[in-house]
Number of protein chains: 2
Amino acid sequence: MTKIVDDPETFASSALAGFASVYRRYVRLVRGGVVRATAVPAGKVSVIVGGGSGHYPAFAGYVGPGMADAAVAGEIFASPSTAAVARVCRNAEQGGGIVLGFGNYAGDVLNFGVAAERLRAEGIDVRIVTVTDDVASAPADSRLQRRGIAGDFVVFKVAGAAAEAGLGIDEVERVTRLANDRTFSFGVAFGGCTLPGAAEPLFTVPKGTMALGLGIHGEPGIRDTDIVPAGELAKLLADAVLAERPAGARRAAVLLNGLGATKYEELFVLWGAVEERLQASGVDLVAPEVGEYVTSLDMQGCSLTVMWLDEELERYWLAPCDTPVFRRGETIRTEPAAVRAGGGDEAPAFGLATPASQAGARCLAGILDAMVAALGEAEAELGRIDAFAGDGDHGQGMRRGAGAAREAIHQAVAGGAGARSALAAAGDAWADRAGGTSGAIWGLLLRSWSSALSDDRALDDGDIVRGAHLALADVMRLGGAKPGDKTLVDAFVPFVAALETARADGLPLKEAWRKASAVCEEAARATAPLAPRLGRARPLAERSIGHPDAGAVSLALVAATVAACL
Amino acid sequence: MTKIVDDPETFASSALAGFASVYRRYVRLVRGGVVRATAVPAGKVSVIVGGGSGHYPAFAGYVGPGMADAAVAGEIFASPSTAAVARVCRNAEQGGGIVLGFGNYAGDVLNFGVAAERLRAEGIDVRIVTVTDDVASAPADSRLQRRGIAGDFVVFKVAGAAAEAGLGIDEVERVTRLANDRTFSFGVAFGGCTLPGAAEPLFTVPKGTMALGLGIHGEPGIRDTDIVPAGELAKLLADAVLAERPAGARRAAVLLNGLGATKYEELFVLWGAVEERLQASGVDLVAPEVGEYVTSLDMQGCSLTVMWLDEELERYWLAPCDTPVFRRGETIRTEPAAVRAGGGDEAPAFGLATPASQAGARCLAGILDAMVAALGEAEAELGRIDAFAGDGDHGQGMRRGAGAAREAIHQAVAGGAGARSALAAAGDAWADRAGGTSGAIWGLLLRSWSSALSDDRALDDGDIVRGAHLALADVMRLGGAKPGDKTLVDAFVPFVAALETARADGLPLKEAWRKASAVCEEAARATAPLAPRLGRARPLAERSIGHPDAGAVSLALVAATVAACL
């Protein structure tokens, strides 16, 4: 829904004025539209496009060298007036005549048509090409009745390139018609759009469903269906546009267009599946585009457009252009990079290790097995505790991290790694796969701990205690948390202190660890909320106090699990 | 809400892979991020940026010549792992060292920090610059604790340009820190965002209100307030970032950033007011940008960023760059255009007219006065009739168009126009100001009618009848409607036929017109719905049948009004 409005009556013209101000290098505002702000060769055919507003970047965003010479903009979803079309044309005309391009809607056909008559009476040669790409709007044998949707973009790109190449008006008209004849689109909508100032959407799509073939102003679609996963949606869109593939057509310009409120990330997810589907059908994709090119205010949905290329269309599709929203060609000259071998994606190789240290590594692997079991059991509880102050994913992260660490340490053991290398590999895997802050902390903790161990000697109690000290120091230094910040540090500091004290008192590791583990559990229970931390915190109102910190609790759980293994 | 998903667990990595596939000219996918696909000079400082996913085009969209060398991408709203940061850095490093840039969040500080330590241990010189631009997140005396939001974009742009210019790592680090020190942002949110696969938003903003200072992951803002018009919102944003303006600072890079579900049209409307406000405060705007540069999934809202420039920062802000989402510099060489005088924006000049024709023009102006009065009274009723099959704005359009036509004809009369020129001017004004299909039709109708009149002779009954014939022919030819299509044509055809017949029978114009007007009214009542017309139609389910067509009704109303004037 539109939230930034001054006066709904002037929304479209205010938006156009703001656009023209930002992009003054490209366009100059005239009443009812924009014309190029850059010099155009005298005698060039002018490509002038337009339609209602609410479809940004259509159509003003297309104005610039290599694409349109001007764009006419009506009110939201309403054709520009005849006078506006004529006025913008007079401002942009360069003596080579005008090709007027617009989507096939009654109001536009009328206003552009009447304007064309008026301009012809003034001695300007004007040709009209209406875009009719929407396969959902009429059957294949009634192509002239089809609506224009995202196909506008690819057809206008070709028209602009042909004009920029210096073709005469007959040729620009012919190429533009050819582009339209070979362009097919199909769209789906997940939700409606709301006119500026209106409280309710123009139309709605029932929750959990999508409307197939809906137009860009909420015109009727073919049918509603349940929302499907991205892979199926890709198939549905691809099959619809492939149905009218001309005989022998193989190379295609492809556009996956977002309608306004569909996120780029969603389009990219869909794109992976669309690309695969088209390639499986023997389509060679030529410079595909994914993004918002023809929108419908804040409508949720997308469309797929295919323009079947011949040599001529491909040349114009690929030709350089430079507009506010779309460019081809480089601003800085580049060469492809050589692909670098390695770069850290390969599995680590382990140095030589003694059998004694390898035995230590096996012992550590056994401890990881126990940790995975314990954290798996506690996953839901840890998540529940985390949800009071965080986003509730702590248990999931610990389970995932420990699982990755276990896998890595068993691989390391199988590869002959010593205790130090094996534990380091476990830490790296934990950090890499668990993600987030706790994953980083645990990865760091294990890796720092490993630096006290050795690939030469057997596991040594003194090394293990020194490792605990190093791990705590690195976690505090790099993690930035101090005792009292309600993090794992609150339980880790007393744990290490107790472990070191007990060892200094001469207790064997097993007993020292058990004592430290009990202290750790006590400390975890005692963690209490402090001032909100910076960063990804939930709103204050949702926070709850009086619950232990999930990070401290999971440390205590791990400490107790290890104690049982010693 | 996210609708295009396969597996929520792999949403972020699927989106990154789709992005990398589309933009293969720019980037190459590595595990956890992307690196430049184009060759980079050996020894260049690498600018590597990153953070959680869900902020597209941050951060992968920034990779290309003149900006970033690589981007690391974590899960949605979660820091990338230490291993991912290190891996992407190893893939992108060119021997000149690395400047790591990211927003100031605990998880990112940790993971990028630990990765930097690891890379330094491998002999790579790594510097860290955290972005801290969000003035809402901490007071001015605690700048280091501030979050990074849209300021990421401007700071990374400067860093990338400095590195591309060949500066050494000390200098690139210094310039990047300087850019961050002089960058201030403030944002508002109108609505929450929803994680892929989740049924409910992460947070919500109460309807009709906006949250001031909300972060890009829904972190707490300063306070909620009622949504204000665009002009006030501009003041609020501008005042917040201007509050920390350094002494003497005048020139500024400015970014108005959309958070994901705020439309470009809305941003452009807001931009007009922001630009005015900043200029009134003595700010010189240098190459401002308006659009989506740092988003937060499908969050509604926007932020304003100001980077105060000195000579050095301005040079790097303006330097060429070429990335998937942002470029500076031309792909096609251009010169500014000379602004064309005229072009149809000026008032029309009228040719010589005889006093007799000028008297006819005054008579027509009187008829327009009566039409405006009649259409004003009927506005609501015409809207009601239109709402059954259209969007209910017919009465409004007729009132607006007739009013513009009356204004124009009185101006023409004052300018000495004859009947023909005066009626043509009225038609043009109607079409230009009423907009839409009915505005175009009425403009055409009056203009075609005028072509039978003269600027030399007095109004002549035969000319008037011939004008009706011409008007009908043009409306049918250019409007494309046939009798039975349930348009004004259904009433216009019998009107003209009756008028011509009555005149041929020797009736004076006044009586002939009255007869024709009665026939017209009858025909308007008899209009009945046919098959849905193509184009901006409402869904079938909302259509109602059995009501007369609003266009035919308004023609009958005008005919009756004119009859009373004759």
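Has segment B:263-275 got any residue that is without any contact (Cβ under 8 Å) to a residue 60 or more places away in the chain, more than 7 Å from chain A (Cβ to nearest Cβ), under 24 Å from B:ARG328 (Cα atoms) and crowded, with 22+ Cβ neighbours inside 10 Å? Spell out how you get there, then give the answer.
Start the filter on segment B:263-275 by keeping residues that are without any contact (Cβ under 8 Å) to a residue 60 or more places away in the chain, which leaves B:263-275.
Filter again for more than 7 Å from chain A (Cβ to nearest Cβ), leaving B:267, B:273-274.
Okay, now just the ones that are also under 24 Å from B:ARG328 (Cα atoms), so B:267, B:274.
Imposing the further condition that a residue be crowded, with 22+ Cβ neighbours inside 10 Å reduces the set to B:267, B:274.
Yes.
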Quiz item: Does segment A:148-197 hold any residues that are β-branched (Val, Ile, Thr), in a loop (DSSP other than H, G, I, E, B) and touching a Gly at 6+ places or on another chain (Cβ under 8 Å), and which are they?
Solution: A:ILE149
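Just one of B:VAL135, B:VAL126, B:VAL109 is without any contact (Cβ under 8 Å) to a residue 60 or more places away in the chain and farther than 19 Å from B:ARG174 by Cβ; which is it? Walk me through how you get there before you give the answer.
Numbers: B:VAL135 fails: without any contact (Cβ under 8 Å) to a residue 60 or more places away in the chain; B:VAL126 fails: farther than 19 Å from B:ARG174 by Cβ.
Of B:VAL135, B:VAL126, B:VAL109, the one residue that is without any contact (Cβ under 8 Å) to a residue 60 or more places away in the chain and farther than 19 Å from B:ARG174 by Cβ is B:VAL109.
In segment B:67-139, which strands (runs of 3 or more DSSP E) lie fully inside it and hold 2 or more residues that are surrounded by 24 or more Cβ atoms within 10 Å (Cβ to Cβ), hydrophobic (A, V, I, L, M, F, W, C) and facing chain A (nearest Cβ under 10 Å)? Walk me through how you get there before you give the answer.
Working: elements: B:70-76, B:98-103, B:126-131.
Result: empty, no element qualifies.
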Quiz item: Can you name every residue in segment B:17-40 that is under 18 Å from B:ALA83 (Cα atoms) and surrounded by 24 or more Cβ atoms within 10 Å (Cβ to Cβ)?
Solution: B:GLY32, B:GLY33, B:VAL34, B:VAL35
Quiz item: Residues of segment A:1-24 being touching an Asp or Glu at 6+ places or on another chain (Cβ under 9 Å) and either in a strand (DSSP E or B) or under 16 Å from B:VAL339 (Cα atoms) (or both), which ones?
Solution: A:SER21
Self-check item: Filtered residue count, segment B:430-461, keeping only those that are part of a helix (DSSP H, G or I) and farther than 15 Å from B:ILE367 by Cβ
Solution: 14
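To keep it simple, each residue is scored yes or no on (1) touching a Leu at 6+ places or on another chain (Cβ under 7 Å); (2) not acidic (Asp, Glu).
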| residue | (1), (2) |
| --- | --- |
| B:ASP432 | no, no |
| B:GLY436 | no, yes |
| B:TRP442 | no, yes |
| B:ARG447 | no, yes |
| B:ALA458 | no, yes |
| B:ASP461 | yes, no |
| B:ALA468 | yes, yes |
Quiz item: For segment A:25-66, what are the residues that are farther than 23 Å from A:LEU167 by Cα and either in a loop (DSSP other than H, G, I, E, B) or of a type in the set (Ser, Thr, Tyr) (or both)?
Solution: A:ARG25, A:ARG31, A:GLY32, A:SER53, A:GLY54, A:HIS55, A:TYR56, A:PRO57, A:ALA58
Exercise. Might you let me know whether segment A:214-221 holds any residue that is surrounded by fewer than 22 Cβ atoms within 10 Å (Cβ to Cβ), in the same structural domain as A:LYS157 (by TED's automatic domain parsing) and among the charged types (D, E, K, R)?
Key: no
Quiz item: Of all the residues that make up segment B:289-319, how many are over 27 Å from B:CYS193 (Cα atoms), touching a helix residue (DSSP H, G or I) at 6+ places or on another chain (Cβ under 8 Å) and within 12 Å of another protein chain (Cβ to nearest Cβ)?
Solution: 1
Practice problem: Would you check if B:ALA84 is at pLDDT below 95, aliphatic (A, V, I, L, M) and over 30 Å from A:GLY390 (Cα atoms)? | Solution: no
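Could you please let me know if B:GLU314 is buried (at least 23 other Cβ atoms within 10 Å of the Cβ) and charged (D, E, K, R)?
Details: buried (at least 23 other Cβ atoms within 10 Å of the Cβ): no; charged (D, E, K, R): yes.
Considered against the rule, which asks whether it is buried (at least 23 other Cβ atoms within 10 Å of the Cβ) and charged (D, E, K, R), B:GLU314 comes out as no.
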Quiz item: In segment B:465-510, what residues are among the acidic types (Asp, Glu), assigned to a helix (DSSP H, G or I) and within 14 Å of chain A (Cβ to nearest Cβ)?
Solution: B:ASP474
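If I filter segment B:280-303 for residues that are touching a Pro at 6+ places or on another chain (Cβ under 6 Å) and either among the β-branched types (Val, Ile, Thr) or in contact (Cβ under 8 Å) with a residue 60 or more places away in the chain (or both), do I get at least one hit? Steps first, answer last, please.
Our first condition is that a residue be touching a Pro at 6+ places or on another chain (Cβ under 6 Å); within segment B:280-303, this holds for none.
There is no residue in segment B:280-303 that is touching a Pro at 6+ places or on another chain (Cβ under 6 Å) and either among the β-branched types (Val, Ile, Thr) or in contact (Cβ under 8 Å) with a residue 60 or more places away in the chain (or both).
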Quiz item: Tally time: how many residues in segment B:258-287 are closer than 16 Å to A:ALA15 by Cα and not in a helix (DSSP H, G or I)?
Solution: 3
Quiz item: Considering only residues of segment A:411-456 that are surrounded by fewer than 22 Cβ atoms within 10 Å (Cβ to Cβ) and polar (S, T, N, Q), which is nearest to the other protein chains (Cβ to nearest Cβ)?
Solution: A:SER451
Quiz item: Looking at B:ALA359, B:ALA417, which one is at pLDDT 85 or above and not in a helix (DSSP H, G or I)?
Solution: B:ALA417
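When you go through A:ALA337, A:ALA408, A:ALA370, A:ALA365 one by one, which is the residue that is closer than 30 Å to B:ALA92 by Cβ and either over 27 Å from the mean Cα position of the chain (by Cα) or surrounded by 16 or more Cβ atoms within 10 Å (Cβ to Cβ) (or both)?
A:ALA408
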Quiz item: Pick from segment A:229-251 the residues that are free of Cβ contacts under 8 Å to residues at least 12 places away in the same chain and in a loop (DSSP other than H, G, I, E, B): which of them is nearest to the chain's Cα centre (by Cα)?
Solution: A:PRO229
Quiz item: Is at least one residue of segment B:245-257 modelled with pLDDT of 95 or more, surrounded by fewer than 21 Cβ atoms within 10 Å (Cβ to Cβ) and facing another protein chain (nearest Cβ under 10 Å)?
Solution: no
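Identify the residue in segment A:9-22 that is more than 8 Å from chain B (Cβ to nearest Cβ) and closer than 14 Å to A:ALA78 by Cα and, among all such residues, is modelled with the lowest pLDDT. Don't jump to the end; show me each part of the working.
Let us first name the residues in segment A:9-22 that are more than 8 Å from chain B (Cβ to nearest Cβ), namely A:9-10, A:13, A:20.
Okay, now just the ones that are also closer than 14 Å to A:ALA78 by Cα, so A:9-10, A:13.
Values: A:GLU9: 85, A:THR10: 91, A:SER13: 95.
So the residue we want is A:GLU9.
The values are calculated or read from the model by the stated rules, or taken from the named source; none is laboratory data. Note that the structure is a prediction, hence the values are computed from the model and not measured. Here Cβ is always computed from backbone atoms with ideal geometry, including for glycine, and neighbour counts include all displayed protein chains.
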